[in-house]
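Values quoted throughout were computed directly from the atomic coordinates according to the rules given, and no laboratory measurement underlies them. On a predicted model such as this, the values are computed, not experimentally measured, just so you know. Here the Cβ positions follow ideal geometry from the backbone for every residue, glycine too, while neighbour counts run over all protein chains shown.
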Amino acid sequence: MIMARMTMIEAIRDAHAVAMERDSDVVVLGEDVGYFGGVFRCTAGLQKRFGVERCFDTPISELGIVGTAIGMAAYGLKPIAEIQFADYMYPGYDQIVSEAARLRYRSAGEFTCPMVIRMPTGGGIFGAQTHSQSPEALFTHVAGLKTVVPSNPREAKGLLLAAIADPDPVIFLEPKRLYNGPFDGHFDRPSVPWSKHEAGDVEPGYYEVPLGKAAVVREGSAATLITYGTMVHVALAAVAESGTDVEVIDLRTLLPLDLETITASVRKTGRCIVLHEATLTSGYGAEVTALVQRECFYSLEAPVLRVAGWDTPYPHAQEWDYFPGPERVRRAIDKVMEAE
């Protein structure tokens, strides 16, 4: 198979086009997604190719965007709604939680809600407090939603196609730090991710990366490091520099969670670190930690450690200190290995 070289932006755009070509019920809506092609250009060219009825701009109203998409989904369409930044989703959060997530349940299965809500998430672009949040835990707490966070172009396309095909609502969080290509994991050098636009190998046409299945991106025997999204690259950089044989798991889907892959790894290594960009307190890592503690208690040789963002509003000038970079991860690896 001849692979295409794509950035994550290009892979997400290609997933839209493939899905829209394959199924006329797939529609795209959001602020500036049409003529402008989205603030990050993830929908560029779709309106010209598929028309204004299938790719259209909305008013600046997240509540309206999500509510419209729910109505379209209930009547048989498959909307892909873009929220321009994850930070902007709060006005539409009630629609997501009270309507989209509960439609199947409250209608006793008479209606489903096959919609995807795409949101750029996380930091790395000097967006400060209102353009850099990582709110994934707010969605994984809600029964009826699936939550997905890709870490590379190939999986971004396959996971998005799987999300579009899913009969229930999927929250699709896109790490903007990775939009224009992978990087070496060092947040203390802000020029790195934008100095070049690297791409990854992506299969042409239609394929799915299954929801609810994690990936072991690095095998190891000394400890298990569980993470997702941007932090996958930070984890790999930290492990490479640490000299410790750490197994790295990319969750890919936060809900449903692939507990089988996690427990198999932790039972093998006996030590575990959970890494994410969002704030530590009540972050998604707390849920993973609790599950590991419950399922792998008699295999653990040390307490489960968490590495995360600080419990502060997202900073601007100190962005590179806020990020859990390789140095903080290396310290966690040393600490978990020292424990008796």
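Here are some notes:
- The long axis of helix 326-338 is offset from the longest Cα principal axis of the chain by roughly 50 degrees.
- Distance between the 7 Å Cα→Cβ label points at Ser221 and Arg294: 3.2 nm.
- Cα centroid separation - the stretch 77-100 against the stretch 122-171, whole Å: 11 Å
- Separation between Cα centres of the stretch 273-326 and the stretch 200-221, rounded to whole Å: 23 Å
- Long-range amide H partners of Val28 with built H, under 5 Å: Cys55, Phe56, Ile80
- Built amide H within the under 5 Å cut-off of Val33, gap 5+: Gly38, Thr58
- Converting phi to 3J(HN,Hα) with the Karplus coefficients 6.51, -1.76 and 1.60 and the offset θ = phi - 60°, the stretch 214-220 yields 7, 10, 8, 8, 8, 7, x Hz in sequence order, with x at every glycine or proline.
- Each residue of the stretch 21-28 was assigned a 3J(HN,Hα) from its phi angle through the Karplus curve 6.51 cos²θ - 1.76 cosθ + 1.60 (θ = phi - 60°); the sequence is 5, 7, 9, 5, 7, 7, 10, 10 Hz, with glycine and proline shown as x.
- Whether the stretch 46-90 is rounded, prolate or oblate, judged on the alpha carbon gyration tensor where a/c under 1.5 counts as rounded: oblate
- Val148, Val27 arranged by Cβ crowding within 10 Å, fewest neighbours leading: Val27, Val148
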